[in-house]
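Right, one structure below, let's go through it.
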Amino acid sequence: MRVAVAGAGLGGLCLAQGLVRDGVDVHVYERDSGLDVRRQGYRLHLDARAGLALQRCLPPELFRLFLATTGRRSTVVTVLTAQLRVLRRMAVDPNLDPGDPATLSTSVDRGTLREILAAGLDARIHFGRELVGYAQEADGVTLRFADGSTEAADVLVGADGVNSVVRRTLLPDAPVVDTGSRVIYGKVPLDDAARRLIPPAMYEGFTAIIGGDVGLAAGLVEFQRAPEDAAAEIAPGIRVTSTGDYLMWGLSAGRDRLGAPDTELAVADPAALHAVACRAIRSWHPDLRALLARTAVDETFFIRVRSSERVAAWAPSRVTLLGDGIHAMSPARGSGANTALMDAANLCAALTTGSDIIAAIAQYEEGMRDYGFAAVEASREAEAAYAGRGNPVWLWIVNHLPKPRGARGSVR
Ligand SMILES: Cc1cc2nc3c(=O)[nH]c(=O)nc-3n(C[C@H](O)[C@H](O)[C@H](O)COP(=O)(O)OP(=O)(O)OC[C@H]3O[C@@H](n4cnc5c(N)ncnc54)[C@H](O)[C@@H]3O)c2cc1C
């Protein structure tokens, strides 16, 4: 069986690793010219869905390298006011074992994870190949690329993200909607001066700061050990870029509530976006303003949050979808990457255990629609709660969030 994957993002690469491990001939076609040519974000929160999927798909040494390059674990999630008053503290279950994929709950650097996912696939990842369409025949699929070339495969997997060409062809009516939320993301490298400005709560785990119309989410990535040192010991020969510890921040608000019109933000350069973010928090605690001023300005970027809507079951075929390609969701619950990796593992299992390709894809799609769109809906609810930030209703919601096991603390 020859499987073609459109998109070398998290889901596409994880699937390719799993299929190679199971002896399937797989090729990944990626539009970009390399893994690191576009800003895609820094910190990801991964949970057991990702842990189990990566354990299933990665060769053992790459899985060990993944675990070794995760961030220091969080112990508390905190909600603060813009003046750094603690509104709520939620303890993370102390029984979670970060070394056990079934209870994983950790931060990772997206670039590092993608490098690990791409390791060993060099001859199978084809950069600069933008899929523009496909034709499905009775016994296979022909892929068409922007450069005029074609490729044949038995199965095509659309792992090509929220604007998926594969989805638009397979399911032209599947809606992706603008949620109205806007986020400017930035990254502060952790030197001594930045560390001194970080509120103590942020060292304990993910932090949400509420300030009028805007909110700021912040999370540290403090590697347990330098990724390149871990690679040298665990998987010599695998290239992992040196990345220092950092704080990721995301300033979010409703459309046109970030202090600049949406149309302007969509085309603004990183320095202009950084200036907008600094202006939006100009009345906040001086330490927060000083911290944002230490951002690596060139890495600032803007996103409009989009979300898929549930799609009724469709007839299975040789073409299928995974990740954001079918169930894009708001980052509000940190679920999109986890779900994409879970899809990859489930599709890999289906394709390598069943003898009938269409039946295998039908089985995968049935499960994926259930948990994938459930994750979209949960993320939409979380985002709706954040969208009301700053008003008493939002505080009420924060107060009444189900507490993780072992939670302590309460709103003052
Ligand atoms: C700032 C931010 C923070 C996030 N934080 C979290 C988090 O903490 N936890 C979490 O679980 N999720 C998080 N998410 C969501 C997560 O990043 C996505 O859900 C995840 O990346 C989806 O993986 P994917 O493989 O489906 O798509 P992607 O990772 O988007 O990969 C798609 C790939 O397809 C390529 N491509 C696109 N079109 C074509 C084409 N026509 N031909 C060939 N290639 C193509 C793209 O270049 C890309 O490489 C976050 C998202 C953002 C934006």
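The values are calculated or read from the model by the stated rules, or taken from the named source; none is laboratory data. The structure presented is a predicted model; accordingly, all values stated were derived computationally and were not measured. Please note: Cβ atoms are built from the backbone with ideal geometry, for glycine as well, and neighbour counts cover all protein chains shown.
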If we take the range 133-207, then strands (runs of 3 or more DSSP E) inside it with 3 or more residues that are under 30 Å from residue 279 (Cα atoms) are 176-189
Q) For the range 284-300, does any single residue satisfy the condition of being small (Gly, Ala, Ser) and crowded, with 19+ Cβ neighbours inside 10 Å? A) no
Restricted to the range 310-358 and to residues being more than 22 Å from residue 23 (Cβ to Cβ), more than 12 Å from the ligand (Cβ to nearest atom) and among the β-branched types (Val, Ile, Thr), the residue surrounded by the fewest Cβ atoms within 10 Å (Cβ to Cβ) is 311
Note on the range 88-110: residues in contact (Cβ under 8 Å) with a residue 12 or more places away in the chain and surrounded by fewer than 17 Cβ atoms within 10 Å (Cβ to Cβ) are 93, 94, 95, 99, 100, 102, 103
Scanning the range 20-49 residue by residue, the ones that are under 24 Å from residue 166 (Cα atoms), in contact with a helix residue (DSSP H, G or I) (Cβ under 6 Å, 6 or more places away or on another chain) and not in a loop (DSSP other than H, G, I, E, B) total 3
Within the range 1-19, the count of residues that are within 12 Å of the ligand (Cβ to nearest atom), closer than 21 Å to residue 142 by Cα and not in a helix (DSSP H, G or I) comes to 5
Given (1) touching a Gly at 6+ places or on another chain (Cβ under 6 Å); (2) crowded, with 19+ Cβ neighbours inside 10 Å, residue 18 misses just (1)
Checklist entry - Would a scan of the range 186-203 turn up a residue that is in contact (Cβ under 8 Å) with a residue 12 or more places away in the chain, more than 30 Å from residue 92 (Cα to Cα), surrounded by 21 or more Cβ atoms within 10 Å (Cβ to Cβ) and touching a helix residue (DSSP H, G or I) at 6+ places or on another chain (Cβ under 8 Å)? => result no
Scanning the range 142-164 for residues that are within 11 Å of the ligand (Cβ to nearest atom) and polar (S, T, N, Q), the one farthest from residue 361 (Cα to Cα) turns out to be 163
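Report whether or not residue 55 is touching a His at 6+ places or on another chain (Cβ under 7 Å) and surrounded by fewer than 19 Cβ atoms within 10 Å (Cβ to Cβ). First the steps, then the outcome.
On the way: touching a His at 6+ places or on another chain (Cβ under 7 Å): no; surrounded by fewer than 19 Cβ atoms within 10 Å (Cβ to Cβ): yes.
No.
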Of the listed residues (116, 125), the one being in contact with a Phe, Trp or Tyr (Cβ under 7 Å, 6 or more places away or on another chain) and modelled with pLDDT of 90 or more is 116
